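The values are calculated or read from the model by the stated rules, or taken from the named source; none is laboratory data. Computed from a predicted model, the values in this text were never measured in an experiment. Cβ atoms come from the backbone with ideal geometry, glycine included; neighbour counts cover every protein chain shown. The area values use the complete protein model at the heavy-atom level, side chains included, leaving out ligands, DNA and RNA. Shrake-Rupley method; radii C 1.70, N 1.55, O 1.52, S 1.80 Å.
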Amino acid sequence: MEWTSIAIGSAAVVATVIYVMKNRRTDIKRECGKDYPKDTVILHQFPRGPYAPSMSGFCIKLETFLRMANIPYQNVHAYKTGPKGKSPWIEYNGDVMADSQLIMSFLSDKLEIDLDKTLSKEQRATARAFQKMVDEYTYWSVLLERWVYHRGESCKTITKLPSLVVWEIGRRTKNMAYAHGIGRHTQQEVDLNLEADLTALSDFLGDKKFMFGDEPTEVDCAIFGQVSQVKYHVPDAVKAKQFLKDCVPNLDAYCERMKERFWPDWDECVTNGFTKEATK
Ligand SMILES: N[C@@H](CCC(=O)N[C@@H](CS)C(=O)NCC(=O)O)C(=O)O
């Protein structure tokens, strides 16, 4: 009898965690000019972390873009996700947008910014291919390393999330990676794919300062976002981190260059766990 109650109780707790994780989208009813200032991007993203300003390559990507394009913004740090059930997302002059790349295109159009103005058509095409590679593939390798192979241990320490929530994120990640296709590979195959992505970036970068020359362009935001997770998010992707240092040192140095250029406040952003804002 007692065991039945324990089993029912445990099932109820697990079901609640799964429900809460699935339904943590923000209810957006805020008014520009009243709830947040005009002409300022409100960047909703996950809390800061102890190794990099974000544990999400997409959040780093978008914040780097805002800095590169000199767009005024304010951060709102929370685990709540946006209208597409993901983070980051923004509010801007009454518009609500999700997806880092769509947000960047939206803001570039609205504010008539073109960070790629020096690029030829051919270079723009290459930039798009690299952006898709890092956002749609490299990202998944890092995600598997973190949440499945390392069972979210580093994030558990950082976020202080309950074990059950970390377990649920791992479970969802595994399912999503399987649906994507990458989750059907062995860990060894995923490791090799990650190294191949880093090698491709390194080979293209060569001895240039940024991907397309002396000045950074839009794609550097996406590359820095995802590679920053390998380089700075210390406990995960340990093998890839070593590979970055030993086998593709130009890419490693590139990350430092991006960090120095766009994140002079990196150390202040990198906190020991939650920021005060993040506990909201
Ligand atoms: N394509 C989206 C991807 C964003 C994304 O995958 N964000 C992750 C964090 S790195 C997320 O919100 N995951 C929460 C979830 O899937 O429930 C973008 O570029 O913003």
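Charge dipole of the chain (Cα centre as origin; +1 on each Lys and Arg Cβ, -1 on each Asp and Glu Cβ, all else neutral): 920 debye, rounded to the nearest 20. Taking amide H atoms as placed 1.01 Å from N in the peptide plane, the amide H of ASN75 lies under 5 Å from those of LEU43, each 5 or more residues away in sequence or on another chain.
Among ASP191, ASP207, ASP220, the largest mean-square fluctuation in a Gaussian network model of the chain, built with springs joining Cα atoms closer than 10 Å, belongs to ASP207.
Each principal axis of the Cα cloud of the chain was evaluated for its coordinate range; sorted largest first, these ranges are 72, 52, 34 Å.
Each other residue within a Cβ distance under 11 Å of PRO162 adds +1 if Lys or Arg and -1 if Asp or Glu, for a net charge of +1. Per-residue ellipticity at 222 nm computed for the chain from its helices equals -16500 deg cm²/dmol, with DSSP H segments shorter than 4 residues left out and the rest contributing -39,500 (n - 2.57). Positive-end ranking of THR138, ILE182, GLY9 along the dipole of the chain, with charges on Cβ about the Cα centre, is headed by GLY9. Stokes-Einstein diffusion for the range 126-171, with the hydrodynamic radius set to the Kirkwood value over Cα pairs and evaluated at 20 °C in a medium of 1.002 mPa s, equals 186 µm²/s.
Think of each Lys and Arg Cβ as +1 and each Asp and Glu Cβ as -1; about the Cα centre, that makes the dipole of the range 2-114 roughly 260 debye.
The alpha carbons of the range 121-269 occupy a box of 47, 36, 27 Å along the principal axes, longest dimension given first.
By accessible area, using a 1.4 Å probe on protein heavy atoms only, the chain has 54% of its surface on carbon and sulfur. Ranked by the mean number of other Cβ atoms within 10 Å of their residues, highest first, the peptides 66-72, 52-58 fall in the order 52-58, 66-72. Amide H contacts for THR40 (H built 1.01 Å from N in the peptide plane; partners 5 or more residues away or on another chain; cut-off under 5 Å): ASN93. Give me the net charge of ALA179's neighbourhood, meaning all other residues with Cβ under 14 Å from the Cβ of ALA179; Lys, Arg count +1, Asp, Glu -1. Charge balance in the 14 Å sphere: +3.
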